[in-house]
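The numbers here are math on the coordinates, done by the rules we state, and not lab data. Bear in mind the structure is a predicted one, so any value in this text is a computation, not a measurement. So basically every Cβ, Gly included, is an ideal-geometry build from the backbone, and we count neighbours across all protein chains shown.
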Amino acid sequence: MKTRLALAALAAVALPATTARADRPRIAVMEVAGAKVAPDLRERMTHSVHEGLLASGADVVDGMPAAATGPGGAPCDGNGCVTAVAKATVSAYVVRGTLEIDGRTYELRLEMLDGKSGELIEFREDRCEICTEGEALEMAGVSASALKVQVFKKKAAAAVAEGAAAAAAAPATPGIEASTPATPPPATTTEEHRELGWIGVGVGAFAGVLGAWLISANNEGTCNGPGGVQCPRVYATTGWGIASIAGGVLAVTAGVFVLRGKF
């Protein structure tokens with residue numbers, strides 16, 4: 001259990017760093033295609049897509065030539081063409097767009113492609129009705145920025161899910177108990193313990209006083225006769241006094257330990 005939690009924590013710590021690197025990917029922007037779109041508008045639309053990706057935090061390749069759409073300006077539809085563009089620009093991703101115009105209605109489709117395989121990762125389709133060219137260009141920038149955020153939010157979520165799955169599937173380390181060990185109760189003193197502790201301290205103190213008195217009474221006895229010099233009985237109490245003091249010390253020590261919850 002501890003190992004799984006550690007792996008999950010490691011994934012949580014590593015994820016922000018991974019996300020930070022992924023937030024600024026290198027993206028190649030291919031010229032926006034469109035059979036009925038004038039070359040200058042295609043160029044400006046491509047520039048708007050470029051600016052939208054920059055605004056979202058991407059590292060966008062500058063100066064993509066029109067020939068990047070394919071040999072002789074033909075549409076770059078195959079995966080091989082996409083991977084060739086990514087390799088030539090040292091990019092991890094390629095963005096490709098298609099623009100259709102019907103009167104004052106602009107329809108834009110943007111695709112984010114994997115630079116290694118050429119496969120489609122995500123796409124967006126946006127439509128601007130009864131728009132000016134300026135509004136259509138603004139739509140292109142917003143669409144490109146939203147596509148980048150959409151792609152990398154999905155990748156971050158997948159990374160979190162993968163890390164959680166790896167942590168759940170990790171086997172427990174041999175020799176480590178999988179279940180959480182029971183936490184020992186804190187060393188607290190109950191009322192009964194405190195009462196016993198104070199009794200021990202009191203008995204110990206009394207024994208100490210008694211021992212001191214017995215030592216002081218050693219060699220004393222009942223004396224009578226003229227001048228009080230005949231003592232038929234003399235008390236020998238030193239041994240008893242020492243024993244009493246020793247017992248008192250032990251009783252006081254035990255009482256203190258009980259009060260502190262050691263027993």
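Peptides 84-90, 124-130 ranked from most to least packed give 84-90, 124-130, packing being the mean of other C-beta atoms within 10 angstrom over each peptide's residues. Find out how many positive minus negative residues lie around Gly78, taking Lys and Arg as positive, Asp and Glu as negative, among other residues whose Cβ is under 13 Å from that of Gly78. Summing Lys/Arg as +1 and Asp/Glu as -1 gives -1. Karplus-derived 3J(HN,Hα) values for segment 105-122, using 6.51 cos²θ - 1.76 cosθ + 1.60 with θ = phi - 60°, are 9, 10, 10, 10, 10, 10, 10, 9, 10, 6, x, 7, 10, x, 6, 6, 9, 7 Hz; glycine and proline are entered as x. Applying a threshold of 25 Å to the alpha-carbon distances of Lys36/Lys148; Lys116/Lys153; Lys36/Lys116 flags Lys36/Lys148; Lys36/Lys116 as lying beyond it.
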